[in-house]
Structures are given as structure tokens and as C-alpha cells.
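Reviewing the structure listed below.
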Amino acid sequence: MTGHVAVIDIGKTNAKLALVALETLSEIAVITRPNTVLAGPPYRHFDVEGHWAFLLDGLAGFNAAHGIDAIVVTTHGAAAALIGADGQLAAPVLDYEDKGPETSAAAYNAIRPAFAQSGSPRLGMGLNIGAQLFWQFEADPTLKSRVQHIVTYPQYWGFRLTGVAASDVTSLGCHSDLWNPFERRFSSLVDRLDISGRLAPARPSGDVLGPILPALAAQTGLPASTPVYCGIHDSNASLLPHLLAQKAPFSVVSTGTWVIAMAIGGGPFVPDPARDTLINVNAFGDPVPSARFMGGREYDMAIGAGCAAPTDSDIAAILDSGTMLLPALAPETGPFIGALARWIGAEPAPGSGQRAAAIGFYLALVTARCLALIQHRGDIIVEGPFARNRCFLDMLGATTGAPIRLSANATGTAQGAALLAKPVGVRPKAPMPKTHQPGLMANRMTAYAQRWVARTWPGPTI
């Protein structure tokens, strides 16, 4: 297939619709809306109806202006939809940052599979889909009987578009506790939750669910034959173009609300759930050593209302003074779980270029620790907004000693998601990411990193 692919991209911070020209993988148009979380009742949940109206309007507009030949969905992980016999939600789609699942943590821990089976660390709040489901069924004893299908989040949108219920291997493989990535099948938790008849079949991300529903075709103007693909977890969408185009070893750092580091062909890896390292599952169903932290969230927390772009003088001032931010601003996740953030030296003024520089360095150093934990080797490809952060890129290169390459795409997930719309044998390769040219202060950055590591992590240096 050639033509235009509409990529529905529901991130934790924003919902997006991107139109991608499949032959060139260029983005023709992108529209966004905030992913505002509704407070309840009965718990924090996503505004799926607001997203739905936004998406249908966007699809109609894109089709009228350019034409749409296929639809692919990518979303953040740790979300599932419970669908009743009438095809409607049996309960709102839980926001994984709701703390309700923590009230049943002890009982859930007694039935969840071992880390060695799932590659999924035990996480707080609702970051394990299994914990979400356990709590939802405990809180509402009638809910399970009202559920006909349980689908992972990309496939919820696929279900609304096609009426076909499915799950996909990348979303199940995103610390859900529901998947055994080593044996490529559901984990023991599915039977323990008694949902084997309800959890929708796991399908490859590139499967076609079906054509768009006739009523939606009439509403949007899309051809009734428009195919909708199964869909993919957003970090794995970022990874896919590089799996097709690059030779191992290399790593991809996908940045957004979450910074996800994924190593391909790295060194021997022993996952450590206490450091938020885990096994993800790529679009081909293969296990991928991964580590992550809430880098975009931490950036927003540290920057506040915004900062001036750092000048060379700002960067030199931070390096020379030794002012540094230590982890972790979001201590529930990441390689420094439980650590409390603090400044060493004089905290730079809010809004200043020096503050922006120090925060960029901090994010790079935590990312470097993630890469070290997953035994990264080779080039590092940076996707998403941090690919435009000079201080982040310079410090990441200086700290790891690896070549840093930058994705050219505005939305790091759209290109990979769009690739699902071509058969494997004829998928175009992504263009080689351009190399980031390091700054002139690499030696000073290396020294700064060594001081930061000494304060944050006993044992081997980055």
C-alpha cells in the first residue's frame, strides 16, 4: 500500500493525530489536544469521549484535505478498556496514576507472576494493568460479569473504529503482568484473575483488524474499505523504524512524559525491578531490555513556567560551579526509585538559562544510568522532544562516550506506527538519523558527570 496513513497517537500528556506519507515517512499534518484526566467518579480516568470527537473531526479534515488510505493506532502503555456486551465501556478507562490499586496491593502481590516469568517489575499506582484489573474487580464485584472484552489501549480505539476486539503483544509486554515475553503467551495471571475468556486475543501489531465501520465511514468521508491496523505501544513504535534500518548494537531513547531506553544487541542483561529495568516486547514479539523514568514529567516539574535557552556562558557557569540536581523528582519510578531530589550548590533561578542547562544535564545523566543498566552498546538514537535539547544531547554524549543520533520527526511515534501499514517485506527503511555534533565542553561535562555519579550511585561509574 502507498498513500497516507492517519496515526492516532494517544500519549500521556497529549492526544495527537498525524498524517504520514508512507513512501517518504514525512508528516503532512499534526493536530493535538491535551490528554486531560477526569477526576471521577469512580476514579481518575481518561476523557475518551473528548478524544473520540477530536479524532473523528481530525480524520474528516485530513481526509478532505489529503485523503486517508489506512489508520494505525499507538498509545501509552499501562491502560486497558473493559467493554460490555453492548460494545460500550463497562467502566471508565482508569488512569494509571490513580492510587486506588494500591489499596489492594498486598492481595494482588500474592497472585501476580514472578518477575522471571513476566519481565515486569511491580510498580506503584496502576502501572501494572494486572493490578488495575484486580482492584477494579474488587471495588465493584459486579464488574467482571458485565465485561465481555478486555482490550489494551491501542486496541480500544481499534475496537471503536472496527468493532473487532484484540490486544497487541507490545502493549501486553509493557509491564502489564499479563504476558510472558520469553514464551510469547499470556502469563499465569490471566487464569488467576479468571479473565481468560475475556482478555482479547493477542495479535501482532501489524495485523489488520478490519475496515472502518460503515457509520464512521459515512460520518468522516473515509472510504468504507479503509483498513485499521491492530496498533502498537508508543515506545515500540519509536523503536520499529530503527529495527528495520539499523544494525545492532544500538539503543533508542524515546522521550516524552516517559523516557524509555531500549537496547538492541547490548551486553548481558539481568533485569533489576528495583531499578525499574524490565523487558518490553517489540513489534515482532521479541523481548527488549529496557529502562525508564518519567523524564518529561520531571522536566516540567523542574522548569516550571519555562526557561530561557541556555547560552554558552550559562552552560560554562553550571559546569564550573558544580551546581547540579540530584534524583529523583518523580521517585516512584526510574533507576533511583525512592531517592528524593535536591540541589547541590546554589539552585539556579527559575526561568534562567542556567536552570535550563542544569536540568538538561540532570535528565541526560539519569538517561545514561538507564542505558548503563541495560548494557547499552553502540549508537544512541534519541526520539521526541529531548532530541531538541542541546544540553541533554551534549551531556548524554559526553557521559556515555557514544555517538548520539537524532530522529528528524516531530512525533517520535508516528513514523514507526505508520510503518505497520506496509507488509514486512516491502516496508521502507527509515532515513539514517543525523549525528549530533558535540559541543566544545565535552571534557568539562565528563568531569561534571563523574562528580554527579559519585553523589548518586555507588559502584561502577557510567
request  = Determine which single condition Gln415 fails, assuming it passes every other condition in (1) assigned to a helix (DSSP H, G or I); (2) within 29 Å of Thr32 (Cα to Cα); (3) at pLDDT 95 or above.
outcome  = (3)
task = Please specify each residue of the range 125-136 satisfying the condition of being within 17 Å of the chain's Cα centre (by Cα) and small (Gly, Ala, Ser).
result = Gly126
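For the structure I just gave you, tell me whether Thr257 is touching a helix residue (DSSP H, G or I) at 6+ places or on another chain (Cβ under 6 Å), surrounded by fewer than 24 Cβ atoms within 10 Å (Cβ to Cβ) and more than 15 Å from Cys370 (Cα to Cα). Break it down into steps so the answer makes sense when it comes.
Numbers: touching a helix residue (DSSP H, G or I) at 6+ places or on another chain (Cβ under 6 Å): yes; surrounded by fewer than 24 Cβ atoms within 10 Å (Cβ to Cβ): yes; more than 15 Å from Cys370 (Cα to Cα): yes.
In short, yes.
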key: Filter result for the condition that a residue is farther than 25 Å from Phe186 by Cβ, hydrophobic (A, V, I, L, M, F, W, C), surrounded by 14 or more Cβ atoms within 10 Å (Cβ to Cβ) and modelled with pLDDT of 95 or more, over Val37, Val93, Val72   = Val37
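Output the residue which, of all residues in the range 418-427 that are crowded, with 17+ Cβ neighbours inside 10 Å and part of a loop (DSSP other than H, G, I, E, B), is modelled with the lowest pLDDT.
Of everything passing the filter in the range 418-427, Arg427 is modelled with the lowest pLDDT.
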query = So, of the residues in the range 203-255 that are touching a Phe, Trp or Tyr at 6+ places or on another chain (Cβ under 8 Å) and not in a loop (DSSP other than H, G, I, E, B), which turns out to be nearest to Ala53 (Cα to Cα)?
reply = Leu209
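When you go through Pro204, Pro271, Pro211 one by one, which is the residue that is outside the structural domain of Leu393 (by TED's automatic domain parsing) and within 27 Å of Pro113 (Cβ to Cβ)?
Values: Pro271 fails: outside the structural domain of Leu393 (by TED's automatic domain parsing); Pro211 fails: within 27 Å of Pro113 (Cβ to Cβ).
Going through Pro204, Pro271, Pro211 in turn, the sole match is Pro204.
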key: Members of the range 203-228 found to be under 21 Å from Ile150 (Cα atoms), of a type in the set (A, V, I, L, M, F, W, C) and surrounded by fewer than 22 Cβ atoms within 10 Å (Cβ to Cβ), listed by number   = Val208, Leu213
query = Could you say whether any residue in the range 189-202 is assigned to a loop (DSSP other than H, G, I, E, B), closer than 21 Å to Leu420 by Cβ and out of contact with any Leu (no Cβ under 6 Å at 6 or more places or on another chain)?
reply = yes
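Would you please name the residue that is modelled with the highest pLDDT, looking only at residues in the range 386-412 that are in contact with a Lys or Arg (Cβ under 8 Å, 6 or more places away or on another chain) and assigned to a loop (DSSP other than H, G, I, E, B)?
Ala408
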key: Answer residue from the range 303-323, given it is closer than 19 Å to Phe386 by Cα and among the hydrophobic types (A, V, I, L, M, F, W, C) and is nearest to the chain's Cα centre (by Cα) among those   = Ile303
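Checking the condition part of a helix (DSSP H, G or I), charged (D, E, K, R) and not assigned by TED's automatic domain parsing to the domain that holds Asp276, which residue from Glu27, Glu102 passes? Show your work before the answer.
On the way: Glu27 fails: part of a helix (DSSP H, G or I).
Matching residue, one of Glu27, Glu102: Glu102.
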request  = Would you be able to tell me the number of residues in the range 316-369 that are in contact (Cβ under 8 Å) with a residue 60 or more places away in the chain and within 30 Å of Ala263 (Cα to Cα)?
outcome  = 19
message = For the condition touching a helix residue (DSSP H, G or I) at 6+ places or on another chain (Cβ under 7 Å), under 21 Å from Asn282 (Cα atoms), in contact (Cβ under 8 Å) with a residue 40 or more places away in the chain and among the hydrophobic types (A, V, I, L, M, F, W, C), what is the one hit in Phe182, Phe115, Phe137?
response = Phe115
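The values are calculated or read from the model by the stated rules, or taken from the named source; none is laboratory data. Nothing here was measured: the structure is a model prediction, and the numbers come from that model. Using ideal geometry, Cβ is built from the backbone for each residue, glycine included, and neighbour counts are taken over all protein chains shown.
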